[in-house]
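One structure is given below, encoded as structure tokens.
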Amino acid sequence: MPSVLVLFAHPALEKSRTNRLLLDVCLSMDSVTVNDLYEQYPDFDIDVDREQQLLLDHDYIILQHPFYWYSAPALVKQWIDLVLEHGWAYGHEGKALMGKKLFNAITAGGPQSVYQETGNNRFTVRQFLAPFDQTAHLCKMIYLPPFVVHGTNRLTLEGAQQYANQYRLLLSLITSGQLDVEDARNRQYLNELILD
Amino acid sequence: MNQSVLLQAIVYLASGVLFVPIAKRLGLGSVLGYLLAGIAIGPAGLELVGQEGHDIMHFAEFGVIIMLFLVGLELEPERLWKLRSSVLGLGGLQVLLTAVLLTGGAILAGVAWQPALAMGMILAMSSTAIVLQTLNEKGLMQSAAGQNTFAVLLFQDISVIPILAIMPLLATYPAASGHDPHAAISLLDQLPESLRPFATLATVVGVVVLGRYVMRPIFRTVARTGLREIFIATALLMVVSVSVLMEMVGLSPALGAFVAGVVLANSEYKHELESDIDPFKGLLLGLFFISVGAAIDFELIIRQPGLIIGIVAAVMAAKALVLALLGKTFRLSTDQNLIFSLGLCQVGEFAFVLLSYTSQNGILPAEMVGLLTAVVAISMALTPLVFLLNEKVLLPRIGTKEKPHLEEDTIDEKNPVIIAGFGRYGTIVGRFLRANNIGTTVLDFDSDRVETLRKMGFKVYYGDASRYDLLKAAGAAEARIIIIALDSPKKVLDLTETIKKHFPHLTILTKAYDRNDTYEYMDAGLTHIYRETVDSSLRMGTDVLTLLGFRAYHSQRAARLFLRQDEKALADLGSVRHDRNRYYSRVRLRIKELEDLLQSDVNDRWLKDIEEGWDAESLRREASRAGS
């Protein structure tokens, strides 16, 4: 059975309802390990050995975070910089992560309609996530489309709970080994797998 | 007290006080000043001192002994071991070649070979006192020339022992009547000849063992009394005892003192000893130079000026030549070689001792001894002038103007950080710095603690850090940062004053016990002040928040905000603290402000950062307005 590691990053979780709900979903599932980065490393002093061991122990890596400034909170970047070492994660000798799956689970304030060439944000979420995509590629991982919660700025509690349910179903699909990776790779968002 | 002793003291002190500053002012160096002072009060000048000058010289030779003790103190055994090739090679060759050359010259001049050999050996010696003092004053001790000079002088000190052994074999004249009143009572007279070398060796080993295992506990006990003068007395007692003991077994007392110094070089009392004994060295050496000046027999010189000047010139030229050749062989640069060879080309104070020995044992005729004594004194008096000539005329022309390059193993400790006070607080800082490969020199005033820390493997020195001389000995002139982790606020302020006055280049970081101390330190102009408890308390507070369910990142930022605001308030309160009423009302205000600040959701800029930077309420409101 595939195991899942959620790398959760939120500098002010106390202010975020949607992320709280999503996180609770992860915490309630046995085969999902939650690594709460801001709680673990409030001083940004990342324990590289611990993080690498966590990565080795899991098959699916989920970067769960708010989509701040079309990207991730600062600690995620710090984490990538320190943990994905040359010769370990990438480079000629770097094969530790080969074949693992990586995707982002993000919460964005705006609706999907603004993430279009014609919308206010001018680019799609997939386009904005290109650095993660390439990072996974360099580390010989399989990058999957993101799970996206859109419109958190105007989301009602029920709306947020619906997203939480989608997330739970997605995680179950993964941990039960029923996720068709090839199918998933061709989707825009992973949400579609649940809505089908 | 004998009145004449005091009168003599006045004469010597006054001449020194008068001449040395003038000589220094004229750029001639203190040694020449003392020598001039001696000439002025001697038989050729005001005739204020007469025959007793020789006694004074003998007494003042103790200054040379103390100097070698201090040199030894600076030279840890490992470093001495590294110098071994220059001591044996360079020093050995210098004594041998110079003695051969001068002996040959004397034989050519018609002297029989025995007295010629005695002269050669005597004149091969250089003046430890003048040369080391001058090099120290010019800051050249650490240069290649300084180190090699020291190596040669050290070998000369050692070679006095075999020379004294050879001398009696050279006797050709009837021994002079009377015994040298200063000749030491030898402990070895009763021993059969064959056992004497072993007894001598045993004594040296004894001194090393005593220094290692007996002197340190004694110093610790004495230090615990807290009486500085007793500490000084103990130090002097030790140096005098060791040198007398050495003399009794037929070794050079200066060499004995040097050995004692080396033995104590690793001890925690190194810097304290250094700074306590140094003034005695200075005064006694001054006295010694004055008596050398006073001993110059101008009448003799006037009678045979050509001969004496000729001998002086020939001897100095021959010595300089040998030294220069050796310097070249040992790869000294031109500049360094000039300092090295010209610096050592005089004849030294050991010659006086050896000359009086030769006259008593019938090795040299009395008139020749008188002549040579004048030659020695003149060559010593010329040394500062030779240094001056080299510095002002030769080096600027011949020298390549390269800076004297520092040898890798410098004698002084040159750590970038000094830690004053190695208690609970200083220890942590020290360990942290050590773990990061930062060299620290540590001073502490608690002898028990110093002992314990030493056992744990820390290099800690005993002493009161607020004293200028100790700071200097600890390398404050070269350090960049001083950490003050003393408990007594008075000591901190004293130390701060000393640093600001003498070592203004040092950045000062201070530990403070509480707010009141902090205010005092702020008033004293200190800027890097660390309250002992604030960081630890806030770390605990952060953990409490986290345990209560706050996000770790929030707790941490809250603690930082608190610290920032508290430091700001501290600066503000410091300015009104002398007015009790205003102070307390201001404190109340500040505490209230801080609480409001941390609790406010709306007004505070920083907390706004948390919300608006990452999950802005205003953004949500704007979005819903746009959508509706």
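Structure notes:
- Unique residue being modelled with pLDDT of 95 or more and under 15 Å from the mean Cα position of the chain (by Cα) when the list is A:Leu84, A:Leu7: A:Leu7
- Subset of the range B:88-143 (residues that are under 26 Å from the mean Cα position of the chain (by Cα), of a type in the set (A, V, I, L, M) and buried (at least 18 other Cβ atoms within 10 Å of the Cβ)): B:Leu90, B:Met125, B:Ala129, B:Ile130, B:Val131, B:Leu132, B:Leu135, B:Leu140, B:Met141
- Elements of type helices (runs of 4 or more DSSP H) contained in the range B:546-628, each with 2 or more residues being modelled with pLDDT under 70: B:580-599, B:605-614, B:617-627
- Some residue of the range B:531-551 being surrounded by fewer than 18 Cβ atoms within 10 Å (Cβ to Cβ), among the hydroxyl-bearing types (Ser, Thr, Tyr), within 14 Å of chain A (Cβ to nearest Cβ) and out of contact with any Phe, Trp or Tyr (no Cβ under 9 Å at 6 or more places or on another chain): yes
- Every test in (1) modelled with pLDDT of 85 or more; (2) more than 30 Å from B:Leu169 (Cα to Cα) is passed by B:Pro77 save one, and that test is (1).
- Total residues in the range A:74-86 satisfying the condition of being in contact with a His (Cβ under 8 Å, 6 or more places away or on another chain) and away from every other protein chain (no Cβ under 14 Å): the figure is 0.
- Only one of the numbered conditions (1) more than 14 Å from chain B (Cβ to nearest Cβ); (2) within 26 Å of B:Gln556 (Cα to Cα); (3) surrounded by fewer than 20 Cβ atoms within 10 Å (Cβ to Cβ) is violated by A:His137, and that is (2).
Condition check ((1) within 14 Å of chain B (Cβ to nearest Cβ); (2) under 26 Å from A:Arg168 (Cβ atoms); (3) part of a strand (DSSP E or B)) across all residues:
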| site | (1), (2), (3) |
| --- | --- |
| A:Thr18 | yes, yes, no |
| A:Leu23 | yes, yes, no |
| A:Leu27 | no, yes, no |
| A:Glu39 | yes, yes, no |
| A:Ile46 | yes, no, no |
| A:Leu55 | no, yes, no |
| A:Leu63 | no, yes, yes |
| A:Ala72 | yes, yes, no |
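- Residues in the range A:4-16 that are within 14 Å of chain B (Cβ to nearest Cβ) and not charged (D, E, K, R): A:Phe8, A:Ala9, A:His10, A:Pro11, A:Ala12, A:Leu13, A:Ser16.
For (1) within 24 Å of the chain's Cα centre (by Cα); (2) at pLDDT 90 or above; (3) closer than 19 Å to B:Glu272 by Cβ; (4) crowded, with 21+ Cβ neighbours inside 10 Å, each residue gets a yes or a no:
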| residue | (1), (2), (3), (4) |
| --- | --- |
| B:Arg424 | no, no, no, no |
| B:Arg431 | no, no, no, no |
| B:Asn436 | no, yes, no, no |
| B:Thr440 | yes, no, yes, yes |
| B:Asp448 | no, no, yes, no |
| B:Met456 | no, no, no, no |
| B:Val460 | yes, no, yes, yes |
| B:Asp464 | yes, no, yes, no |
| B:Arg480 | yes, yes, no, no |
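- Inside the range A:87-111, residues that are more than 14 Å from chain B (Cβ to nearest Cβ) and closer than 15 Å to A:Tyr70 by Cα make up a count of 2.
- Test: residue in the range B:292-313 that is more than 31 Å from the chain's Cα centre (by Cα), crowded, with 20+ Cβ neighbours inside 10 Å and in a helix (DSSP H, G or I): yes
The values are calculated or read from the model by the stated rules, or taken from the named source; none is laboratory data. All of these numbers come straight from a predicted model, not from anything done at the bench. Backbone-built Cβ (ideal geometry, glycine too); neighbour counts: all protein chains shown.
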